[in-house]
Amino acid sequence: MHRQRTKFSARMNRVFTHRADRVAKAIERQGIRATYELHDRLLSNRASRGRFGEAPAQLDDAQRSILADVKEQGFAVRSFHELVDDAEQWRAIEEQRDRFVATTEADLAAGGDHVRVRPGKEFVVRLQSYGVELGPTDPWFRVVSSQRLLDLANAYLEMWSKLEYVDVWYSVPQPAAAERISSQRWHRDYNDKHLLKVFLYLVDVDEEMGPFQYVAGSQPGGPHADAWGWQPLGQHYPTEEELEGRVPASAVQTFTGPAGTLLFCNTAGFHRGGFSTTKPRVLATATYSSPASLASLTVRSYEYSGTLDELDPAARFALT
């Protein structure tokens, strides 16, 4: 429903001038934003909030601690093993990482013709990207689709969430003198304000490897939420100087850490990462959003390949 491009602009362009095309696109964006707000307040999210309210997630101490941190500052940092006490699961993720890294580096050495990248973000090679089938046999998907993480996401969003995106990333090192581009720059994710994103470092990440950075308190409702405040389809990419003028330096958090570092954050807040100048940064990631998300109403990164009848209602809602 929330398409970013429609036939309206094309029709206007054929009849009017290039200026009319810009006007049409502006009108289109306003329409998308109005539709998002309608879905958030009355349509998609209202029903999802009701379902969550009928059977709220029952969290343990570890989950409640993460939830409290994300609500207060926009992020939480833990060890994978603190939340997922399963050594075999971690070994399976490591094996997936090793296969992905070996294939990626072989492809890059051969010219990079077969690596999966997105236009404008060629510095990130993706294991799956879009249009794949994922299910219980995929080790990272098994973690992020588990009741343990879905309960946490639903409790943070205060509604049944959609597991919108799942992937593993390999950040290709860039020249030290290169300029940051795309998501390497400060930005807010524009598709939803009800977001919980998960990052799992699969290698040790130091300050030169493009560690994830986040402005604490910049999430909706936080003390820095009004700095180029979030809106659907917002495209604010402030420079470092501009950000420093609006946000205290103490709010900027840099997340270095060993393999197994697990980050939770609302990426409707300001964040950036992936600007490695030394070694590849390899991580797994997943995004939980509301049913009103611009992305979840258009395209999900995967199709669920498991048996739906084996899922509880909240998991079935999240994966389909």
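The values are calculated or read from the model by the stated rules, or taken from the named source; none is laboratory data. Being a predicted model, the structure only gives us computed values, none of them experimental. Here the Cβ positions follow ideal geometry from the backbone for every residue, glycine too, while neighbour counts run over all protein chains shown. Heads up: the accessible areas ignore ligands, DNA and RNA and are worked out on the full protein's heavy atoms, side chains in. Shrake-Rupley method; radii C 1.70, N 1.55, O 1.52, S 1.80 Å.
Counting 0.36 nm for each residue step from residue 256 to residue 213 and taking away their Cα separation leaves a gain of 14.6 nm. Summing charges over neighbours of residue 96, with a neighbour being any other residue whose Cβ is under 14 Å away from its Cβ, gives -1 when K and R count +1 and D and E count -1. Full extension of the chain segment joining residue 303 with residue 108 gains 67.4 nm, where the gain is 0.36 nm per residue of separation less the Cα-Cα distance. Taken along the Cα-to-beta-carbon direction at a fixed 7 Å, the label points for residue 249 and residue 176 span 2.1 nm.
The separation of the range 217-282 from the range 35-109, counted between C-alpha centres, amounts to 18 Å.
Ligands, DNA and RNA are left out, and with a 1.4 angstrom probe the accessible area of the chain is 48 Å² per residue. Can you pull the percent of the chain's accessible area that's carbon plus sulfur, 1.4 Å probe, other chains left in place? With neighbouring chains kept in place, the figure for the chain is 50 percent. The stretch between residue 310 and residue 95 holds 74.7 nm of extra length on full extension. This uses 0.36 nm per residue minus the Cα-Cα distance.
Taking other residues whose beta carbon is less than 14 angstrom from the beta carbon of residue 63, and scoring Lys, Arg as +1 and Asp, Glu as -1, yields -2.
Pairs of alpha-carbon atoms within less than 8 angstrom and 6+ residues apart define the contacts here; what relative contact order does the chain have, in percent?
28 percent
In the list (i) 116; (ii) 268; (iii) 154, the label attached to volume of the Cα convex hull per residue in Å³ as derived from the coordinates here is (iii). Dipole of the chain computed with +1 at Lys/Arg Cβ and -1 at Asp/Glu Cβ about the Cα centre; of 35, 257, 191, farthest Cα towards the positive end is 35. Surface calculation, 1.4 Å probe, protein heavy atoms: residue 159 sits at approximately 0 Å² accessible. Note on the chain: Lys pairs 8 or more places apart or on different chains, Cα atoms under 21 Å apart, count 8.
Projected label points at residue 279 and residue 241, each 7 Å from Cα along the beta carbon direction, are separated by 3.5 nanometres. When only DSSP loop residues count, what GluC sites (Glu not before Pro) in the range 118-212 have their Cβ near at most 15 other Cβ atoms within 10 Å? Listed in order of number, the matching sites are 122, 179, 207, 208.
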